[in-house]
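Asks: What follows is a structure written as structure tokens; I'll ask about it next.
The values are calculated or read from the model by the stated rules, or taken from the named source; none is laboratory data. Note that the structure is a prediction, hence the values are computed from the model and not measured. Note that each Cβ is placed from the backbone with ideal geometry, even for glycine, and that neighbours are counted across all protein chains shown. Surface accessibility is based on the protein's heavy atoms, side chains included, excluding ligands, DNA and RNA. Shrake-Rupley method; radii C 1.70, N 1.55, O 1.52, S 1.80 Å.
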Amino acid sequence: MAAQTIAISSFKGGTAKTSIALHLGSALAKFHNKKVLLVDFDAQANLTTGLGYDPDQHESLAQVLQRKMSIKQVTVESPIPNLEIIPADTWLERVEVTGELASDRYSHERLRTLTKDLPHDVIIIDTPPSLCWLTESALIAADYSLICSTPEFYSIKGLERLSQFIQNISKRHPIEILGVAISFWNSRGKSNDAFIEVIESIFPDKLLQAKIRRDIAISEAAIYGKPIFETAPTCRASQDYKSLTKEILSRM
């Protein structure tokens, strides 16, 4: 059975996109016995460092996309059983205008070809916070898009552009919006109702009920290069990520 691939998407930074990618993948491996591959497809390499790896010490998909290495050669086992990662590096930033990719008019299809037969249950691709070649390639390779947002004006503004971008891609490649995940949630926020109303208007019935609340333990876990389930398993964010993972599984 082919892996189910999820592209984690956001039009702007600061939406906890990478944290959701890390903790969704970790929870699927740790609590649901899924064989998971995390793909860091963002040149900032935050997912790579979030799992405790130095981007300068590893190769990325840039080498694979250029046909210089295989996916197996760049895949790294994490300390968490069933969880592997393909790290990122700065070469990803302009990979599409480098080498043979520059002359390949179908270059954005290459990631889909590379990942379609991998021996994993779930592949999670962390994309850059922009609508670029890397994001388009990830969405074309994915079965699902998980959209990340925060309860603030600029985050909402980016959702409409992201929606249009995904709709354009879905005309050529089938992709389903898995849901909209909210981070930095404050249940007492004054603008919560208006915020939720806007999300529902852009992505009807896609808002996930499980929301990730603010928790300093998330930042502390990043310092240690580990998921929060390893550093603060009983904190509220840990419970939120577990709930989010269960809800996402039920939608897949």
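Asks: Helix-only estimate, please: 222 nm mean residue ellipticity of the chain, summing -39500 (n - 2.57) across DSSP H runs of length 4 or more and dividing by its residues, to the nearest 500.
Replies: Numbers: 11 runs with 102 residues, N = 252.
Theoretical 222 nm ellipticity from helices: -11500 deg cm²/dmol.
Asks: Within 10 Å, Cβ to Cβ, of ARG236, how many net charges do the neighbouring residues add up to if Lys/Arg are +1 and Asp/Glu are -1? Show your work: numbers first, answer last.
Replies: Numbers: positive: ARG213, ARG214; negative: ASP215, ASP240.
Value of the local net charge: 0.
Asks: By the gyration tensor of its Cα atoms, with a ≥ b ≥ c the square roots of the eigenvalues, what is the shape of the chain: rounded for a/c under 1.5, prolate for a/b over b/c, or oblate?
Replies: Oblate shape, in that a/c is at least 1.5 and b/c is the bigger or equal ratio.
Asks: Among the lysines, which fall within straight-line cross-link reach of LYS17, defined as a Cα-Cα distance under 19 Å, with same-chain neighbours fewer than 8 residues apart omitted?
Replies: LYS157, LYS206, LYS211, LYS226, LYS242, LYS246
Asks: Probe radius 1.4 Å, ligands and nucleic acids ignored: give me the carbon and sulfur share of the accessible area of segment 164-234 as a rounded percent.
Replies: Solvent-exposed carbon and sulfur of segment 164-234 make up 49 percent of the total.
Asks: Sorted from largest down, give the three principal axis spans of the alpha carbons of segment 159-252, whole angstrom values.
Replies: Largest first, segment 159-252 extends 42, 33, 24 Å along its Cα principal axes.
Asks: Roughly how far apart, in whole Å, are the Cα centres of segment 183-252 and segment 34-59?
Replies: Measuring centre to centre over Cα atoms gives 21 Å.
Asks: While we're on this one: Dipole magnitude of the chain about its Cα centre, charges +1 at Lys/Arg Cβ and -1 at Asp/Glu Cβ only, in debye to the nearest 20?
Replies: The calculated dipole for the chain is roughly 480 debye.
Asks: Measure off, as a whole percent, the carbon and sulfur share of the 1.4 Å-probe accessible area of segment 1-79, all protein chains present.
Replies: For segment 1-79, the apolar C and S fraction of the accessible surface comes to 45 percent.
Asks: Here's a follow-up. So, counting K/R as plus one and D/E as minus one, what does the shell of residues with Cβ under 12 Å around LEU249 add up to?
Replies: +2
Asks: Pull out a ≥ b ≥ c, the square roots of the eigenvalues of the alpha-carbon gyration tensor of segment 1-110, then state rounded if a/c is under 1.5, prolate if not and a/b is larger than b/c, and oblate in the remaining case.
Replies: Prolate is the answer for segment 1-110, as a/c is 1.5 or above and a/b outweighs b/c.
Asks: Per residue, how much accessible area does segment 194-252 show when a 1.4 Å probe rolls over the protein heavy atoms, in square angstrom?
Replies: Counting only protein heavy atoms, the per-residue value for segment 194-252 is 53 Å².
Asks: Could you provide, to the nearest whole Å², the per residue accessible area of segment 1-85 with probe 1.4 Å?
Replies: Heavy-atom SASA per residue in segment 1-85 reads 41 Å².
Asks: What is the gain in length, in nm to one decimal, between THR98 and ARG188 on full extension, counting 0.36 nm per residue of separation less the C-alpha to C-alpha distance?
Replies: Numbers: separation 90, 0.36 × 90 = 32.40 nm, distance 4.86 nm.
So the extension gain works out to 27.5 nm.
Asks: Shifting gears a bit: For a quick check of your reading of the filter: which chymotrypsin sites (Phe, Trp or Tyr not before Pro) in segment 93-144 sit in a DSSP loop and have no more than 10 other Cβ atoms within 10 Å? Let's see the in-between values first.
Replies: Numbers: sites: TYR106, TRP133, TYR144; in loops: TYR106.
Those satisfying the criteria are TYR106.
Asks: According to the square roots a ≥ b ≥ c of the eigenvalues of the Cα gyration tensor, what is the shape class of segment 32-176, taking rounded for a/c under 1.5, prolate for a/b larger than b/c otherwise, and oblate for the remainder?
Replies: Rounded, since a/c falls under 1.5.
Asks: Relative to the compact globular guide of 2.2 N^0.38 Å, what is the alpha carbon radius of gyration of segment 77-125, as a ratio? Write out the running numbers ahead of the final one.
Replies: Numbers: Rg = 13.6 Å, N = 49, 2.2 N^0.38 = 9.7 Å.
Rg over 2.2 N^0.38 Å, computed on Cα atoms: 1.41.
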